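Structure record follows, encoded as structure tokens.
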Amino acid sequence: MKVLIAKNYEDMSGKASEHILNRIKAKPNIVLGLATGSTPTRLYQNLIKDHKENGTSYRQIITFNLDEYVGLSGDHPNSYRYFMDHELFNHIDIPKENTHIPNGLAENIEEECHKYEALIKKHGGIDVQILGIGQNGHIGFNEPGTPFSSRTHVIQLEESTRVANSRFFRSLSEVPTHAITMGIETILEAKEIILLASGKAKAEAMKRLFLEEPTEEFPASALKNHANVLVIVDEEALGDLDEKDLQKLNLI
Ligand code: F6R
């Protein structure tokens, strides 16, 4: 796991967009794995700005999002489809049919999960997966205790995750109780993974990620079993590590 330290959220986002744009230049039909949430929003704004100013094209790019709430339609303002359309897709030249997000309204959710896996395979797998991290170490919506061998599946959200995400809803009761998420094994099949973390709220999770052995009780620790992970983390999110801990990191 390589670690790139950023000064703050701005700097983390700038480093992340630079990295992604280099990957797009090298492979204009890249398959990108995308995340929602507060962490990647500035990264997406940077990509939009670059698209407008430098004309980077997304016409051949394929995207797969990590997750979606069960029970919300794509035009619900809290669905992840709505988020992605408004935060990124509507502002770049990517054909909508190239963008994939699990369908939270699918009648047969099991079948939807299988279809999602098959689609990723059909496109040759994910080249670069962008991840945020939950305070409890979740990646995608894989909550603590999710087997590392999990594939795309339905998960019951932890109360702490629902509370954390209620900031986007009018009230906690409106936050869905279930989501579809890529599994941990699905995520680990990406050829490269970029994990982003910013702010004090993530400091404890980052300390666990860097210092603990892999355990299913802390889903992000599965990333230690992947050969090509870059963590871009800002100083606040590194705040719980002391000098000795920092020396153990593979800093680039
Ligand atoms: C989002 C996702 C989640 C978030 C995580 C952090 O698609 O899969 O794992 O990355 O909950 O969320 P933020 O960035 O809002 O702190």
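Among what's in the range 155-171 and is surrounded by fewer than 17 Cβ atoms within 10 Å (Cβ to Cβ) and touching a residue at least 24 places away in the same chain (Cβ under 8 Å), pick the residue that is nearest to ILE184 (Cα to Cα).
This residue is SER160.
When the residues of the range 25-56 are narrowed to those that are open to solvent by 10 Å² or more (accessible area, probe 1.4 Å) and of a type in the set (Val, Ile, Thr), which ends up nearest to the chain's Cα centre (by Cα)?
It comes out as THR36.
Name every residue in the range 136-149 that is within 12 Å of the ligand (Cβ to nearest atom) and either under 14 Å from the mean Cα position of the chain (by Cα) or not polar (S, T, N, Q) (or both), in order of residue number.
Passing the criteria: GLY137, HIS138, ILE139, GLY140, PHE141, ASN142, GLU143.
Table: residues versus (1) free of Cβ contacts under 8 Å to residues at least 60 places away in the same chain; (2) basic (Lys, Arg); (3) touching a helix residue (DSSP H, G or I) at 6+ places or on another chain (Cβ under 8 Å); (4) open to solvent by less than 50 Å² (accessible area, probe 1.4 Å).
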position	(1), (2), (3), (4)
GLY199	no, no, yes, yes
ALA222	no, no, yes, yes
LEU230	no, no, yes, yes
ALA237	yes, no, yes, yes
ASP240	yes, no, yes, no
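Looking at the range 106-135, which of its residues are within 15 Å of the ligand (Cβ to nearest atom), in contact with a strand residue (DSSP E or B) (Cβ under 7 Å, 6 or more places away or on another chain) and under 22 Å from ARG162 (Cα atoms)?
Those that are within 15 Å of the ligand (Cβ to nearest atom), in contact with a strand residue (DSSP E or B) (Cβ under 7 Å, 6 or more places away or on another chain) and under 22 Å from ARG162 (Cα atoms): ILE130, LEU131, GLY132, ILE133.
If you scan the range 113-137, which residues turn out to be charged (D, E, K, R) and assigned to a helix (DSSP H, G or I)?
LYS115, GLU117, LYS121, LYS122
What is the number of the single condition among (1) without any contact (Cβ under 8 Å) to a residue 60 or more places away in the chain; (2) open to solvent by 20 Å² or more (accessible area, probe 1.4 Å) that THR152 does not meet?
Every listed condition holds for THR152 apart from (2).
What are the residues in the range 57-82 that are modelled with pLDDT of 95 or more, farther than 19 Å from ARG162 by Cβ and surrounded by fewer than 18 Cβ atoms within 10 Å (Cβ to Cβ), if any?
SER57, ARG59, GLN60
The values are calculated or read from the model by the stated rules, or taken from the named source; none is laboratory data. As the structure is a prediction and not an experimental result, all values here were calculated from the model. No Cβ is skipped: glycine too gets one built from the backbone with ideal geometry, and neighbour counts run over all protein chains shown. Calculation scope for accessible area: heavy atoms of the full protein, side chains included, ligands and nucleic acids excluded. Shrake-Rupley method; radii C 1.70, N 1.55, O 1.52, S 1.80 Å.
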